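What follows is a single structure, written as structure tokens, with notes after it.
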Amino acid sequence: MNDTPSAAPGGPQRCGLVAIVGRPNVGKSTLLNALVGQKVSITSDKAQTTRHRITGIRTLGDAQFVFVDTPGFQTRHGQALNRTLNRTVQATLADVDAVLFVCEAGRFSLADAQVLALLQGDGLAAKPVLLVANKLDALARRQDVLPWLKGMQERHAFAEFVPMSARKPGDIERLLEIVAKYLPEQEWLYEEDALTDRSERFMAGEMIREKLFRLTGDELPYTSTVVVEQFEEEDPDAEPRRVRITATIVVERDAHKAMVIGDGGERIKRIGSEARQELERLWGARVFLELWVKVRSGWADDEAHLRSYGYE
């Protein structure tokens, strides 16, 4: 990547890191994708879907937003995987210029309170925190959000209150305008057309994991992961590109392996087919995807396995 971004139009460049934090399954990844304008983080109804620090980049005019999606802060399960995810959240918060604290509009749970407590610790109290009251459209009566916002104001000195829906483009534009005020004047960190700092190999593993979670639902425990074993571009000059990927789905028990494979291999074929189609849409390439399933008992509580599978 060229270290010198394209010149921004108009005034001085602004650029800042903005963390997106909240309890699991509150809509952080959906919000990140909407802010960036393209899918860079996977989504599913299963809690703990996001397991890595995902950076999404959006450049508008003179401003470059570097959004950082974090794993939902884990308040259940004491495994090494969950401790690793929580360290990722805390390390991210130390580096950012502003924080988007995402809640469901009208709701504040114990898990929300535990995440908010992180933002009130040493070194973080001075950072501007914007309350994003997401899923506003799910409220039966919009006026119910007003007393809830008043109660939230008593919990923390939020810099801004933004009731919204991450699925509404107008709400996303409004949020970007609000966040821009908190970006410091400094040179951009990335090229003007950059969308994420994650590699295609990483994104391939994430897309497979998304389809795995979506197609197994609650049937498969969240202690499963995907490891990309091979990622090769067959002919750099071919049009369209041709990418060959071999990946392994790692589960903890033989019974989980059977769930992933499905009757006659039907489920794993569908996981592979949907992941391949999504990657082809994202990259404009021909993708050849081969999937395997392996059992690694206790991997989610084994620090060595976590490191080998790419968890920080």
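The values are calculated or read from the model by the stated rules, or taken from the named source; none is laboratory data. All values derive from a computational prediction rather than experimental measurement. As a convention, Cβ positions derive from the backbone with ideal geometry for all residues, glycine included, and neighbour counts pool all protein chains shown. Calculation scope for accessible area: heavy atoms of the full protein, side chains included, ligands and nucleic acids excluded. Shrake-Rupley method; radii C 1.70, N 1.55, O 1.52, S 1.80 Å.
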Contact order relative to length for the stretch 194-277, counting C-alpha pairs under 8 Å separated by 6 or more residues, stands in percent at 29 percent
Beyond 27 Å (Cα-Cα) in this structure, taken from Lys269/Lys294; Lys168/Lys257; Lys28/Lys211; Lys28/Lys257; Lys168/Lys269, we find Lys168/Lys257; Lys28/Lys257; Lys168/Lys269
The answer for the stretch 113-217, accessible area per residue at 1.4 Å probe in Å², is 52 Å²
Computed Rg/Rh for the stretch 223-300 (Cα atoms; Rh = Kirkwood radius) stands at 1.05
Straight-line reach check, Lys150, cutoff 20 Å on alpha carbons, 8 or more apart in-chain or any other chain, hits among aspartates and glutamates -> Glu104, Asp112, Asp137, Glu160
One finds, for Ser199 and Ala140 with R0 = 41 angstrom and r their Cβ-Cβ distance, a FRET efficiency to the nearest 0.05 of 0.40
